[in-house]
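A short worksheet on the structure shown next.
The values are calculated or read from the model by the stated rules, or taken from the named source; none is laboratory data. None of the values given here were measured: they were computed from a predicted structure. Here the Cβ positions follow ideal geometry from the backbone for every residue, glycine too, while neighbour counts run over all protein chains shown. Heads up: the accessible areas ignore ligands, DNA and RNA and are worked out on the full protein's heavy atoms, side chains in. Shrake-Rupley method; radii C 1.70, N 1.55, O 1.52, S 1.80 Å.
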Amino acid sequence: MEMRLSTAELARAQPLPDAAALSALRAWHEGMSSREAVTHFIPERWLPGGSSRSVISDIRRQLAAFAASRQRGDLARLFTGTARKGAAAARDVAQAVEALRHAPIPQPLIGDDVSRWLPPRVAAVLHRAGIKTLAVLTLRVPRRRRWWNGIAGLGQSMAAQVEGFFAAHPDLTERARALVTAPSVGDVRPWERIVVPSEGDGTQGTFRAPRESCSLRANNDYEAVQTWLSMHEAPATQRAYRKEAERLMLWAIFERGLALSSLTTEDAAAYRAFLRHPALRSRWVGPATARSSPLWRPFTGGLSPRSIAYALSVLGALFRRLIAKRYVLANPFAGIRVRGARVAGLDTTRGFSGGEWQLLRTVADALEWSYGWTPAAAQRMRFVLDFGFGTGLRASELVNAVLGNVEIDAGGEVWLRVVGKGSKPGKVVLPLIARSALETYLVQRQLPVSLAKWDPGTPLLGSLDDGTAIIARRLWAALKRFFATAATVLADVNPALAEKLGQASPHWLRHSHVSHALESGADLTTVRDNLRHASVSTTSLYLHADDERRARQIAAAFSGHGKR
């Protein structure tokens, strides 16, 4: 009988290879022979006369299986088939391993296709019977004892596998009961809790591209949107984009009776008006609450012009990506404008002046001595402050950086290679403040300072527990803790700064870096390139003079022209 482990069991059964095995794999990708890599890093796994290639293949298979257990097929493909060699391939593998290290164990949603969670043979039988999602299946399973009798081809053994899956995920049955007892089929619920008929799920969408040309495995609009969301690794980005996509999909189904892939430009214009004033407020508007609550609604009120512009920009990006993947043929939001929406520039006040920065660094120097921080946490925070201020890195770039990204050019300048917004590669110069901060931090972590002795996979910013990489959310929490400490310390000395610190975030280090560089005379194009801004006009937004200084200097310049 074909069996399938539950997601949690599969994740436990497929651990990541250990650090030594990963080092051997990276060395092999970088050009070392399989025998050299195995005997150097994991000699205990090689037997005289044995195959070192099979050892490397086993490591790759283990990584592919782990990626599959996290439902990261995009990463699993890196470890199957013909392997690429070279420095770029090694970096890709290292980045994939880091992504897998932090990948959460996936949990089934009631709107997921059955093929995502059940064995292929079982899913194929269910599809032929018109049961495509877990939502539809959950409505069948709890109803009677021999529930499978009416499904052709689904015998008792296959039914046992389905029941085993639901036994491992009892919350799905609870959601099914919520669907059955819902007071009205017209109630708007989160998209994982609704059952959409085939005419509204996009399988026959008006603007669907030919199936044979599509590069997505998605069968319907929900699956296509989920794939788009999975392309964004940052959890905050996924949540923000999910909200906008979910709102549109629910509106299309409940208000227009259309699939997402059937929307026209006229529908997009109607949705823009709906965002200003959601009609049938009892259906669409409610208090902010958990998605599981019966009071949940997609909106808490009508949106402002700026919020509408943001929503439409996200939806436009969604459709552009679906067009690029040849899932749909047209973007209904192309050319849709929002009256009254100001083009938002960078808020250049969200940073620290030179004097404010010195106060913050004074507090940072005394964290473990005066404010109860552990030495390791205090040392890491000083590194974050100095390295972030010196480089202007985004939080995501800092947490993903490893020692292998640091390089010295022919002129002796030190650089850090990064992957920025839109997966664009770039490099950032490391000035003295950043280099000194890194060297000090490495010594404190008992790691070698010499670049030649570095393990290239070591993260620049390490966990306090074991030195492994941390996620951006953890960095945000650590910085917020520091800002709160500094605000308490400075409340009497500088109440204005203490108030600012209540709003500060990791991105303020980037803003402070830009302002300091420009005020110190750095060229606009130089700062633009170091920040990887697309346009110098973006960087120029930071060229703001202190109002008091500006008033004083203009008054002095024209002081002799007031009297005749």
message: If I stretch the segment between R361 and K427 completely, what's the gain in nm (0.36 nm per residue apart, minus their alpha carbon distance), one decimal?
response: 21.1 nm
task: Tell me the trypsin sites (Lys or Arg not before Pro) within segment 230-302 that lie in a loop according to DSSP and have at most 16 other beta-carbon atoms within 10 Å.
output: R291
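Enumerate by residue number the GluC sites (Glu not before Pro) in segment 213-305 meeting two conditions: DSSP loop (anything except H, G, I, E, B), and at most 16 other Cβ atoms within 10 Å of the site's Cβ.
Listed in order of number, the matching sites are E233.
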statement: Scattering profile of segment 390-502 from the Debye formula, Cα beads only, expressed as log10 I(q)/I(0) at q = 0.18, 0.21 Å⁻¹, is -1.00, -1.20
message: For segment 51-147, which trypsin sites (Lys or Arg not before Pro) pass both filters: DSSP loop (anything but H, G, I, E, B) and at most 14 other C-beta atoms within 10 Å?
response: R84, K85, R143, R144, R145, R146
- prompt: Listed highest first by mean packing, meaning other Cβ atoms within 10 Å per residue, what order do 364-371, 407-414, 454-461 come in?
  reply: 454-461, 364-371, 407-414
message: If you roll a 1.4 angstrom probe over the protein chains with everything in place, what fraction of the accessible area of segment 280-328 belongs to carbon and sulfur, to the nearest %?
response: 56
- line: Here, R474 and L295, labelled 7 Å along Cα→Cβ, have an inter-label distance in nm of 3.6
task: First compute the accessible area of segment 356-396 with a 1.4 Å probe, then give the percent of it belonging to carbon and sulfur atoms.
output: 55
- request: Calculate, for segment 421-506, the solvent-accessible area per residue in square angstrom, rolling a 1.4 angstrom probe over the heavy atoms of the protein chains.
  value: 56
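Seen from all sides and averaged, what is the projected area of the convex hull of the Cα atoms in segment 25-143, in nm²?
10.0
Just the number please: accessible area per residue for segment 30-123, 1.4 Å probe, all protein chains included, in Å². Walk me through the numbers before you get to the answer.
Values: 4760 Å² over 94 residues.
Here the residues of segment 30-123 average 51 Å² of exposed surface.
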Label zone at D171 (point 7 Å along Cα-to-Cβ), backbone N below 16 Å, segment 276-316: 290-294
Alpha carbon convex hull of segment 253-376, volume per residue in cubic angstrom: 234
task: Write down the radius of gyration of segment 357-456 and its Dmax, each obtained from C-alpha positions, in Å.
output: 14.4, 45
statement: Cα extents of segment 190-290 per principal axis, largest first, Å, are 43, 32, 25
